[in-house]
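Notes to accompany the following structure.
The values are calculated or read from the model by the stated rules, or taken from the named source; none is laboratory data. Since the structure is predicted, the reported quantities are computational estimates derived from the model, not experimental observations. The protein model used for the area step is the full one, side chains on, heavy atoms only, and it has no ligands, DNA or RNA in it. Shrake-Rupley method; radii C 1.70, N 1.55, O 1.52, S 1.80 Å.
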Amino acid sequence: MLEFSHIVIALAIAKFLGFSMNYLDIFILALFAVLPDIDIPSSVIGRILFPISRYLYQRFGHRSLTHSLIFMLFLCNLTFFWRSVWCLSLIAYSSHLFADMLTYNGVMLLYPYKRFYVIFNGRLKTCLLY
């Protein structure tokens with residue numbers, strides 16, 4: 001799924017939940033909405049953080065470690081002391097995982113348990129432009 005799609009989904013969920021956001025909040029939401037794709041060196045976030053991205057891709061592959069609940073909780077809890085950022089980071093990161101679970105490939109939600117989780121039989125078709 002494209003970065004733009006993940007950002008729009010996260011924004012829609014945050015607005016639906018009643019968050020009124022300023023520009024910093026939108027930036028944080030967008031950052032955490034695309035952060036799981038750091039395991040793709042050709043993604044936007046992967047190009048920005050290329051050495052980390054390349055290592056994650058070579059070591060774990062795509063949609064494994066960075067698309068797991070453990071990694072999500074680890075990253076989002078780094079912002080725990082700033083409550084609004086913590087809430088936005090959880091919304092954005094979890095919306096990314098949920099959206100990827102709607103695709104045919106799914107995600108390894110309980111990594112290191114190597115099972116891909118898919119919702120609605122992965123009926124959402126996506127276009128990978130990486």
Check your understanding: Is it possible to state the helix-based mean residue ellipticity at 222 nm for the chain, with each DSSP H run of 4+ residues giving -39500 (n - 2.57), the sum divided by total residues, to the nearest 500 deg cm²/dmol? What is it?
Key -> -16500 deg cm²/dmol
Point to revise | Over the range 47-114 - Rg/Rh using Cα atoms and the Kirkwood inverse-distance radius | key: 0.99
Point to revise | For Cα extents along the principal axes in Å, calculated from these coordinates, the label among [x] 80, 29, 19; [y] 36, 34, 28; [z] 41, 26, 22 | key: [y]
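Carbon and sulfur atoms: what percent of the 1.4 Å accessible area of the range 1-68 do they account for?
Details: 2640 of 3690 Å².
Answer for the range 1-68: carbon and sulfur cover 72 percent of the accessible area.
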